[in-house]
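The values are calculated or read from the model by the stated rules, or taken from the named source; none is laboratory data. Note that this is a predicted model, so its numbers are computed, not measured. Cβ atoms come from the backbone with ideal geometry, glycine included; neighbour counts cover every protein chain shown. Ligands, DNA and RNA are stripped out before the accessible areas are found, and what is left, the full protein with its side chains, is counted by its heavy atoms. Shrake-Rupley method; radii C 1.70, N 1.55, O 1.52, S 1.80 Å.
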Amino acid sequence: MATKNVEIIVPPRPAHFVGDGFRVHNFIPSIFNMQRMDPFIMMDYNSKFNFGPTSTPRGVGVHPHRGFETVTIAYQGKVEHHDSAGGGGIIAEGDVQWMTAASGVLHKEYHETEWAKTGGIFQMVQLWVNLLAKDKMSKPQYQAIANSEMVKISLGENGFIELISGNYQDEKGPATTFSPVNMMNAKLNSGGKAAFNFPANFNTLALVIEGKITVNGQEQASTDHFVLFENEGENFTIEAMEDSIVLILSGEPLREPIVSHGPFVMNSQEEIHRAFDDYNNGKFGYLED
């Protein structure tokens, strides 16, 4: 099979705050638009940031979502969250929160109370994963994926793959998805190498969470850099030049109209208007701020 080459490697743009608890660099849609990256229609990356101690946890208050899924991957720090469909809990280091907003939920997320009291290094990724038109108005649901539930595929002395969703080799990740979405962390020792294989048409990217890597033996990417692959070829390799953690994403594009406005992502402007009407009329449920 042919090599999947790198299209571009980009550094993070200047960070901004979402609420007072998430200092993020946006890659999607500010650098790469939703259509290009579909089904990954938003990516905020909270690179390492030291939050001081506080008795009032920082975060984001109650806000709505409709038409997609939110996925939060915790690398350092802890988050507490709740939604109007009854989902909620604590995302500890290494865990993943996978919330299907679908027909609509209210949501809030804050630094976990006890963690906030001491503060420390905070590092997370939040993704929005698009839903097919037929699934956008389905019932909201929630998947809490503890790190202990993730499939760990040993690469011997090279390190290991931490599989969240989709497939790697003959293993399958614990998360349930509406369309093909491969999501995994490659945790490689210095000098370690890993090979990947995804369909040519899948939108595929890598985010260097920690360390420095060489892709396909040619191009280098360091901490906080985003690697976008071409939609040709199937195979690529990454090699760690130092101990590294790399988030790998590859998903089948849905190839449906994308119309977004704030926290709503639908297929038409009419559906966006309906989302605002439903939200204003209390159809997303209730959640105390």
Next item on the list: Kindly provide the set of residues from segment 95-109 that are without any contact (Cβ under 8 Å) to a residue 60 or more places away in the chain and among the small types (Gly, Ala, Ser), ordered by number.
Entry: ALA101, ALA102, SER103
Checklist line | Output for segment 61-86, where each listed residue is without any contact (Cβ under 8 Å) to a residue 60 or more places away in the chain and either β-branched (Val, Ile, Thr) or in contact with a Lys or Arg (Cβ under 6 Å, 6 or more places away or on another chain) (or both) | finding: THR70, THR72, VAL79
Item checked: Among (1) surrounded by fewer than 17 Cβ atoms within 10 Å (Cβ to Cβ); (2) in contact with a strand residue (DSSP E or B) (Cβ under 9 Å, 6 or more places away or on another chain); (3) at negative phi; (4) not aromatic (Phe, Trp, Tyr), the one test that GLU239 misses -> (1)
Margin query: Which pairs turn up if I take residues in segment 276-287 that are within 16 Å of PHE264 (Cα to Cα) and look for partners that are open to solvent by 70 Å² or more (accessible area, probe 1.4 Å) and part of a helix (DSSP H, G or I) with beta carbon separation below 9 Å, at least 6 apart in sequence or on another chain?
Written below: LYS283/ASP277
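Just to be sure before I move on: is GLN220 on the phi > 0 side of the Ramachandran plot, open to solvent by 40 Å² or more (accessible area, probe 1.4 Å) and among the polar types (S, T, N, Q) in the structure I sent?
Against the criterion (on the phi > 0 side of the Ramachandran plot, open to solvent by 40 Å² or more (accessible area, probe 1.4 Å) and among the polar types (S, T, N, Q)), GLN220 does not qualify.
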Next item on the list: Return the total of residues in segment 120-147 being among the charged types (D, E, K, R) and open to solvent by less than 10 Å² (accessible area, probe 1.4 Å).
Entry: 1
Margin query: Testing ASN189 on (1) within 20 Å of the chain's Cα centre (by Cα); (2) under 16 Å from VAL246 (Cα atoms), one condition comes back false. Which one is that?
Written below: (1)
Check: So, of the residues in segment 172-217 that are assigned to a loop (DSSP other than H, G, I, E, B) and touching a helix residue (DSSP H, G or I) at 6+ places or on another chain (Cβ under 6 Å), which turns out to be least open to solvent (accessible area, probe 1.4 Å)?
Finding: GLY192
Next item on the list: Scan (1) modelled with pLDDT under 95; (2) of a type outside the set (D, E, K, R); (3) part of a loop (DSSP other than H, G, I, E, B) for the single condition SER55 breaks and write down its number.
Entry: (1)
Check: What single numbered condition from (1) under 30 Å from ASN197 (Cβ atoms); (2) open to solvent by 30 Å² or more (accessible area, probe 1.4 Å) fails to hold for HIS16?
Finding: (1)
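Residues of segment 114-154 being polar (S, T, N, Q) and over 30 Å from GLY192 (Cβ atoms), which ones?
THR118, ASN130, SER138, GLN141
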Check: So which residues in segment 73-102 are open to solvent by 10 Å² or more (accessible area, probe 1.4 Å), hydroxyl-bearing (Ser, Thr, Tyr) and under 23 Å from GLY173 (Cα atoms), if there are any at all?
Finding: TYR75
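Can you tell which of SER30, SER47 is under 18 Å from ALA74 (Cβ atoms), touching a residue at least 12 places away in the same chain (Cβ under 8 Å) and either polar (S, T, N, Q) or outside any loop (DSSP other than H, G, I, E, B) (or both)?
Criteria check complete, one pass: SER47.
When you look at GLU109, is it open to solvent by 50 Å² or more (accessible area, probe 1.4 Å) and over 15 Å from PRO39 (Cβ atoms), yes or no?
Judged against the criteria, GLU109 is not a match.
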Next item on the list: Would you mention how many residues in segment 261-289 are closer than 20 Å to LYS139 by Cα, touching a helix residue (DSSP H, G or I) at 6+ places or on another chain (Cβ under 8 Å) and open to solvent by 50 Å² or more (accessible area, probe 1.4 Å)?
Entry: 0
